[in-house]
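Notes follow the structure.
The values are calculated or read from the model by the stated rules, or taken from the named source; none is laboratory data. Just so it is clear, the structure is predicted and the values come from calculations on it, not from any experiment. Backbone-built Cβ (ideal geometry, glycine too); neighbour counts: all protein chains shown. Side chains included, ligands, DNA and RNA excluded: accessible areas come from the protein's heavy atoms. Shrake-Rupley method; radii C 1.70, N 1.55, O 1.52, S 1.80 Å.
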Amino acid sequence: MPEGDALHRAARRLQPLVGECVEVETPNPRGAARRLAERLDGRRLLSVRAVGKNLLLEFEGGYVLHSHLRMNGRWTLATREGTSPGPVPSRPALRGQPWLVLRGSRVEARQWNGPVLELHSRSIRRLGPDILDAPPDLDAMLVNLRRTDQGREVGDAFLDQRLVAGIGNKWKAEVLWQARLSPWRRLGRTTDEELRAALEAAATLMRRSLDGLPHRNDVYRRVGRTCPRCGERIRSGGQGDANRIAYWCPGCQV
Ligand SMILES: [Zn+2]
């Protein structure tokens, strides 16, 4: 699943279309089944924003298109035909037909590779505060983390988008390492200061990534390698109901 920063980048990429009445097409037959073109074509695009790991495209008439990219899903932007080709997708991951095309007067955006696309307005409200908000509402996140079952593990709670929106598996691992917090620690055995420090680390690291700064992983996907801080071997294990792989250093994450 793409992380929140990838979705924020996509939202930035689509800004040139905001304010325009867009032509909407669904070239991929599987995208066409959702009848988005019929309902959205010709409507004005009012806003594009990332909320957590969701991209929300608001159209006039009260329509909100919810695009939740899967592993390989992505948005590309190209100038319209007749001008320069723009970033035409050439890598194998982007072959085939885009699922959705939004065409404005100058540019067109294409959505590739089987996203979850739906028109709605409901479940968004159930998302917690976005870690990439400027500034992020850490107090509200802390309240949410205290409101949930305190027997839950920190690593599991940090992925719960209803508590904090935007943190995915990679940033969970990196952030908890930075905060020296084990993903297996129960919420009830953490202090507010520890949780706040981890949330601050998440906001900082993910903001830097959003701004295009490189990040070298300390624990994520580094099983068996040595911890850059203490030299212990990095471990991994499935966590939570979805059994997503947690990475941590048993030496310095208590
Ligand atoms: Zn360590």
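Tabulated data
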quantity: Inter-part distance where segment 170-229 and segment 38-64 are each reduced to a Cα centre, Å; calculated: 32 Å
quantity: Sum of side-chain charges, Arg229 neighbourhood, beta-carbon under 10 Å (Lys, Arg +1; Asp, Glu -1); calculated: -1
quantity: Cα gyration tensor, segment 126-232 - rounded (a/c under 1.5), prolate or oblate; calculated: oblate
quantity: Probe 1.4 Å, accessible area per residue of segment 118-214, Å²; calculated: 46 Å²
quantity: Free-standing Cys, the chain [no other Cys Cβ under 4.7 Å]; calculated: Cys21
quantity: Square roots of 5 times each gyration tensor eigenvalue, C-alpha, the chain, largest first, Å; calculated: 37, 20, 15
